[in-house]
Amino acid sequence: MNETLIRFYTELIFVQDIPQKADVIFVPGSQEMALGEKAAALWKDGFAPRILVSGKYSITGAGFTALPEAMAKYPGTYETEADFLGQVMEQNGVPKEAIWKEKTATYTYENAILSCRMTKERHLEVKTAILCCKPSHARRSLLYYQLLFPKTQFLVCPCDHEITAENWHRTETGIDTVLGEAERLGTQFHQILREHCL
């Protein structure tokens, strides 16, 4: 693949910041245990006093199913992504009271909308937030959360994942994932931009 194209899509999709002190760590739901492990590590390092994990299960699915390797490491029965990731965090040293769970969102925009609603209901002013997501999900997640929290400074701290900014263009799965994200940046934000700009 052309180096210019690789650089363009890498800069478009992948975002990563150095973590700093924040009011909350946001985790958009997923089956990826690495998200819970990364959020727990950020919490244990003192970067935020609470974690807000959002997610029921994907709108395209009929229920939550953890990946086999995740079930081997974190066995249990989980009804939602928030339940699963919350358990991962607890087993990695985060006390239950530091984990806020939003269990109804089924896609990324809902993760942001319902996380915003929860912070307002609990009277949490979010001046700075860490967004913990998959590396290839970083740009889309960031745009949605920024849309709902326009006055908040966001720091994107992705979890470890097999698809990275350095290697995505070397496998068919990586290319499909990153270019799929690029497509969703157009299709999912099309109506939002029309509503906000016209």
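Some points to look at:
- More than 10 angstrom apart: percent of Cα pairs within the range 20-60: 70 percent
- Sorted from greatest to least, the principal axis extents spanned by the alpha carbons of the range 100-177 come out as 45, 25, 19 Å.
- Gap separating the Cα centres of the range 131-176 and the range 1-16, nearest whole Å: 13 Å
- Largest mean-square fluctuation among I113, I59, I163, in a Gaussian network model of the chain whose springs join Cα atoms under 10 Å apart, belongs to I59.
- Between the C-alpha center of the range 53-73 and that of the range 75-105 there is a gap of 12 Å.
- Helices of the chain meeting both criteria, an alpha-carbon length of 18 angstrom or more along the long axis and an average Kyte-Doolittle score not below -1.0, with helices taken as full DSSP H segments, are 108-121, 172-197.
- Per residue, the accessible area of the chain comes to 53 Å² when a 1.4 Å probe rolls over the protein heavy atoms.
- Cleavage-rule hits, trypsin sites (Lys or Arg not before Pro), the range 121-198, DSSP coil, Cβ neighbours within 10 Å at most 16: R122, K127, K151
- Residues whose placed amide H lies under 5 Å from that of L52, excluding near-sequence neighbours: I25, F26, V27, W100
- Within a Gaussian network of the chain (alpha carbon springs, distance under 10 Å), most fluctuating of G86, G36, G46: G46
- Taking every alpha-carbon pair in the range 1-133 and binning the separations at 5 Å intervals from zero gives 2, 11, 19, 21, 19, 13, 8, 4, 2, 0 percent.
- Estimated purely from DSSP H runs of n ≥ 4, each contributing -39500 (n - 2.57), the mean residue ellipticity at 222 nm for the chain is -14500 deg cm²/dmol once divided by its residues.
- Choice from L12, L142, L67 showing the highest fluctuation, given a GNM over the chain with Cα pairs closer than 10 Å: L67
The values are calculated or read from the model by the stated rules, or taken from the named source; none is laboratory data. It should be emphasised that the depicted structure is a prediction, and the values quoted were computed from it without experimental measurement. For neighbour counting, all protein chains shown are included, and Cβ atoms are generated from backbone atoms with ideal geometry for every residue, glycine included. Heads up: the accessible areas ignore ligands, DNA and RNA and are worked out on the full protein's heavy atoms, side chains in. Shrake-Rupley method; radii C 1.70, N 1.55, O 1.52, S 1.80 Å.
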